[in-house]
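Visitor: Below are the structure tokens for one structure; questions will follow.
The values are calculated or read from the model by the stated rules, or taken from the named source; none is laboratory data. The structure presented is a predicted model; accordingly, all values stated were derived computationally and were not measured. Please note: Cβ atoms are built from the backbone with ideal geometry, for glycine as well, and neighbour counts cover all protein chains shown.
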Amino acid sequence: MNMLCQFGPITVLFQEMPTSPLWPFWRWKLDPFRIANDAPDVVVNYSDQPIQPEGTAVWEDCSVQVCRQVYILADGRVLWQQTEHTTGALQLQFAVSADWTEITLTADHSPTAGMGAFEALTFLIFYAFLHQQVLTFHGTLLEADGKGFLLCAASGVGKTTHARLWRDHKNALILNGDRAACFQQQGQWFGFGTPWCGTSGEYLNRCVPLQAVVILQRGAENRVSAAEGMSLLSHGVYPTWDCAATETMLSLLDRFLEQIPVLRLECTPDAAAVDVLYQALERLPL
């Protein structure tokens, strides 16, 4: 499979990805983003040639079922892999060029018919976007009345519930339920949807001018106030092991905060909270 896709300002070429009834690589998720012609900024391809990690992992995260590790190879490439927690058996592996313009799936030993490999790009594609001056937050990107805003919250606070209240009561669109990717063009910040949306399953191929970021907190009543801009840092998506990429993220975040206000919404889990936030957003300039 060769497919050219546009995600906001970024063109990605999926090249030589296997497609068959047994390994579809979830082509239907990419179909809404397909374009006919453009020079790719990032290439995602497939080689089925696993690489032996070198040295010690620069990053590792383990859950009950899997461990994910990052290694830096001698030639500067980044090796990302997922292994079975108890046995250490390799499930997925990607090699990324030092400049983050090429992501190669080097191994897929997971019994997921390509779904695991596609969803695992969540851990890499936004880092590649960062190298293209795109800032991404762990949060929900919504569009209401032609204006966009981000909802960020700690796990379990109710971000998804609040986003769906906007959808149901204000006809808002959920452009992405888990990753909010943003870029600046001609002095204005925009948010855009991608098919990597976590477990929310909600995404649209749309781009919208951004008006605000909203930090969600539980409260006994609904109240909007100004929030500290750097509180967004904990919601940023960036490779913490890469100093240069971290500096890029911080520079982009500074520019972002010069234009985009950050609000705090203390709220109850009902439609009244939507009305309070809607009125606060109406008072902001676009």
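Visitor: Taking the options V214, V208, name whichever one is in contact with a strand residue (DSSP E or B) (Cβ under 7 Å, 6 or more places away or on another chain), surrounded by 18 or more Cβ atoms within 10 Å (Cβ to Cβ) and under 15 Å from V274 (Cβ atoms). Spell out how you get there, then give the answer.
Guide: Values: V208 fails: under 15 Å from V274 (Cβ atoms).
Exactly one of V214, V208 is in contact with a strand residue (DSSP E or B) (Cβ under 7 Å, 6 or more places away or on another chain), surrounded by 18 or more Cβ atoms within 10 Å (Cβ to Cβ) and under 15 Å from V274 (Cβ atoms), namely V214.
Visitor: Looking at A273, is it in contact with a Cys (Cβ under 7 Å, 6 or more places away or on another chain) and modelled with pLDDT under 95?
Guide: Numbers: in contact with a Cys (Cβ under 7 Å, 6 or more places away or on another chain): yes; modelled with pLDDT under 95: yes.
So A273 passes the test.
Visitor: Residues that are more than 15 Å from P9 (Cβ to Cβ) and of a type in the set (S, T, Y): does region 188-195 have at least one? Spell out the reasoning first.
Guide: So the first thing to find is which residues in region 188-195 are more than 15 Å from P9 (Cβ to Cβ), and the list is 195.
Of the ones still in play, those that are also of a type in the set (S, T, Y) are none.
No: region 188-195 contains no residue that is more than 15 Å from P9 (Cβ to Cβ) and of a type in the set (S, T, Y).
Visitor: Determine whether D75 is surrounded by fewer than 17 Cβ atoms within 10 Å (Cβ to Cβ) and free of Cβ contacts under 8 Å to residues at least 24 places away in the same chain. Lay out the reasoning, then the answer.
Guide: Numbers: surrounded by fewer than 17 Cβ atoms within 10 Å (Cβ to Cβ): yes; free of Cβ contacts under 8 Å to residues at least 24 places away in the same chain: yes.
When the stated conditions are applied, D75 passes them.
Visitor: Check whether at least one residue in region 207-218 is among the charged types (D, E, K, R) and part of a loop (DSSP other than H, G, I, E, B), and report yes or no.
Guide: Applying the first criterion (among the charged types (D, E, K, R)) to region 207-218 yields 218.
Filter once more, keeping what is part of a loop (DSSP other than H, G, I, E, B): none.
No, every residue in region 207-218 fails to be among the charged types (D, E, K, R) and part of a loop (DSSP other than H, G, I, E, B).
Visitor: Which residues, counting only those in region 33-60, are surrounded by 14 or more Cβ atoms within 10 Å (Cβ to Cβ), of a type outside the set (S, T, N, Q) and in contact (Cβ under 8 Å) with a residue 40 or more places away in the chain?
Guide: Of all residues in region 33-60, those surrounded by 14 or more Cβ atoms within 10 Å (Cβ to Cβ) come to 33, 40-46, 50-51, 53, 57-59.
From what's left, of a type outside the set (S, T, N, Q): 33, 40-44, 46, 50-51, 53, 57-59.
Those that are surrounded by 14 or more Cβ atoms within 10 Å (Cβ to Cβ), of a type outside the set (S, T, N, Q) and in contact (Cβ under 8 Å) with a residue 40 or more places away in the chain: F33, D41, V42, V43, V44, Y46, P50, I51, V58, W59.
Visitor: Something else: Just give me the residues in region 248-285 being part of a strand (DSSP E or B) and of a type in the set (A, V, I, L, M, F, W, C), in sequence order. Don't jump to the end; show me each part of the working.
Guide: Within region 248-285, the first condition is being part of a strand (DSSP E or B), and the residues that meet it are 262-267.
If the condition is that a residue be part of a strand (DSSP E or B) and of a type in the set (A, V, I, L, M, F, W, C), then V262, L263, L265, C267 are the ones that fit.
Visitor: Scan region 144-163 and report the pairs whose first residue is assigned by TED's automatic domain parsing to the domain that holds G229 and under 17 Å from G191 (Cβ atoms) and whose second residue is part of a loop (DSSP other than H, G, I, E, B) and at pLDDT below 90, with Cβ atoms within less than 6 Å and a gap of 6+ or a chain change.
Guide: K147/L286
Visitor: Might you let me know whether region 184-194 holds any residue that is outside any loop (DSSP other than H, G, I, E, B), among the hydroxyl-bearing types (S, T, Y) and in contact (Cβ under 8 Å) with a residue 40 or more places away in the chain? Break it down stepwise before answering.
Guide: The initial filter retains those residues of region 184-194 that are outside any loop (DSSP other than H, G, I, E, B), namely 184-185, 188-192.
After this cut, where a residue has to be among the hydroxyl-bearing types (S, T, Y) as well, the list is none.
No - not one qualifying residue is present in region 184-194.
Visitor: Among the residues of region 62-89, write down those that are in a loop (DSSP other than H, G, I, E, B) and either farther than 22 Å from I103 by Cα or in the same structural domain as P239 (by TED's automatic domain parsing) (or both). So that I can check it myself, show each step before the final result.
Guide: The initial filter retains those residues of region 62-89 that are in a loop (DSSP other than H, G, I, E, B), namely 63-65, 73-77, 85-89.
Listed by number, the residues that qualify are S63, V64, Q65, H85, T86, T87, G88.
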